[in-house]
Structure formats: structure tokens, C-alpha cells
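The values are calculated or read from the model by the stated rules, or taken from the named source; none is laboratory data. Everything numeric here is computed off the predicted structure, so don't read it as measured data. Here the Cβ is made from the backbone with ideal geometry for all residues, glycine too, and neighbour counts use every protein chain on show.
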Amino acid sequence: MLDEPLQLPGWRDPFTVADQVTWWGATVAAVEQGYDEDVDEYVNELACRDWLHQAWLRLPDHVVQLWTPRILALDTRFRAATTPDDGLFLGRYRRLPHPDRWWWRRRPRFVVDDG
């Protein structure tokens with residue numbers, strides 16, 4: 001189960017935990033450096049954290065215990081690179097999920113505007 005892709009309801013493709021942790025890490029790094037993509041891309045990138053949130057209820061305990069420290073470290077970095085806004089920014093573009101998905105209620109501290 002550690003390296004097996006997991007198909008979650010509502011997701012087109014199956015992913016491994018490693019896939020999604022890597023994606024979340026890349027998203028966090030992009031936000032730390034100054035986010036330079038549009039809001040649609042930001043929404044897409046937050047989806048990897050949704051997948052991890054959903055998967056945690058379906059994964060065996062040993063997998064959760066193995067990956068939780070890494071995810072918590074990335075979450076801490078994401079919180080440091082973002083500011084809380086109670087979903088005001090993203091709420092203009094889409095319906096926000098339940099408040100337990102706190103990453104939807106934060107926005108990057110630094111946004112790089114190429115325009």
C-alpha cells in the first residue's frame with residue numbers, strides 16, 4: 001500500500017502518497033518564492049493538499065505515520081508563506097470547501113506580477 005496508487009472518489013486519476021507529497025512540496029516552495037501563477041493554477045495546486053486530506057481516512061496507519069511528519073512540516077512552511085484571509089480571495093473564484101481545509105483560506109504573502 002505504500003507505493004500503490006490510490007483512486008479516490010471524485011478524482012479522475014489515482015495517485016500515490018509520494019506523488020501528492022511531492023506536489024504539495026513543490027506548491028509550498030513556489031508560494032515561498034513569491035507566487036507567479038494565476039488564481040486558476042493556485043486552485044489547481046491546492047488540490048494536492050485536498051487529496052492528502054481525503055486519503056488520510058483511507059490509508060493504513062503505518063502509511064499515515066510514515067508521511068505525517070513530512071506533511072506537517074510542509075503545512076508549517078505553507079502557513080509561514082501565506083496569510084489568513086478567511087477565504088475572501090479564493091471565495092471570489094470558487095465555492096470553498098469545509099473550514100477544516102484551512103489551506104483554502106490562506107493566500108500567498110508575496111505574489112509576483114509579470115504584467
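Taking the criterion of being of a type in the set (Lys, Arg) and surrounded by 13 or more Cβ atoms within 10 Å (Cβ to Cβ), the only residue of region 9-49 that qualifies is Arg49. Taking region 25-44 as the range and being closer than 15 Å to Phe15 by Cβ and modelled with pLDDT of 95 or more as the test, the residues that pass are Gly25, Ala26, Thr27.
Looking for whichever is exposed (fewer than 12 other Cβ atoms within 10 Å of the Cβ) and part of a helix (DSSP H, G or I) here; the options are Leu52, Leu72. Which one fits? Before the answer, list the steps.
Details: Leu52 fails: exposed (fewer than 12 other Cβ atoms within 10 Å of the Cβ).
Every option except Leu72 fails the conditions.
Just one residue in the set Leu72, Leu59 is on the phi < 0 side of the Ramachandran plot and touching a helix residue (DSSP H, G or I) at 6+ places or on another chain (Cβ under 8 Å); that residue is Leu59. Checking Val112 against (1) touching a helix residue (DSSP H, G or I) at 6+ places or on another chain (Cβ under 9 Å); (2) free of Cβ contacts under 8 Å to residues at least 60 places away in the same chain; (3) on the phi < 0 side of the Ramachandran plot, only one condition comes out false. Which one? Exception for Val112: condition (2).
Please work out if Trp11 is more than 16 Å from Arg109 (Cα to Cα), part of a loop (DSSP other than H, G, I, E, B) and not aliphatic (A, V, I, L, M).
Working: more than 16 Å from Arg109 (Cα to Cα): yes; part of a loop (DSSP other than H, G, I, E, B): yes; not aliphatic (A, V, I, L, M): yes.
Considered against the rule, which asks whether it is more than 16 Å from Arg109 (Cα to Cα), part of a loop (DSSP other than H, G, I, E, B) and not aliphatic (A, V, I, L, M), Trp11 comes out as yes.
Can you find, within region 55-69, the residue that is nearest to Asp3 (Cα to Cα) among those that are surrounded by 14 or more Cβ atoms within 10 Å (Cβ to Cβ) and free of Cβ contacts under 8 Å to residues at least 24 places away in the same chain?
Taking region 55-69 and keeping what is surrounded by 14 or more Cβ atoms within 10 Å (Cβ to Cβ), we get 55-56, 59, 63-64, 67.
Then drop every residue that is not free of Cβ contacts under 8 Å to residues at least 24 places away in the same chain, which leaves 56, 64.
Details: Trp56: 15, Val64: 13 Å.
Ranking the candidates gives Val64 first.
Under the condition of being in contact with a Pro (Cβ under 8 Å, 6 or more places away or on another chain) and closer than 18 Å to Asp36 by Cα, the residues counted in region 85-115 number 2. Scanning region 75-95 for residues that are crowded, with 19+ Cβ neighbours inside 10 Å, part of a helix (DSSP H, G or I) and at pLDDT 95 or above yields Phe78, Ala81.
Checked against (1) in contact with a strand residue (DSSP E or B) (Cβ under 9 Å, 6 or more places away or on another chain); (2) closer than 19 Å to Asp40 by Cα, Trp104 meets all criteria but (1).
Against the condition in contact with a Pro (Cβ under 6 Å, 6 or more places away or on another chain) and not in a loop (DSSP other than H, G, I, E, B), how does Val63 come out, does it pass? Full working, then the answer.
Values: in contact with a Pro (Cβ under 6 Å, 6 or more places away or on another chain): no; not in a loop (DSSP other than H, G, I, E, B): yes.
No, not satisfied.
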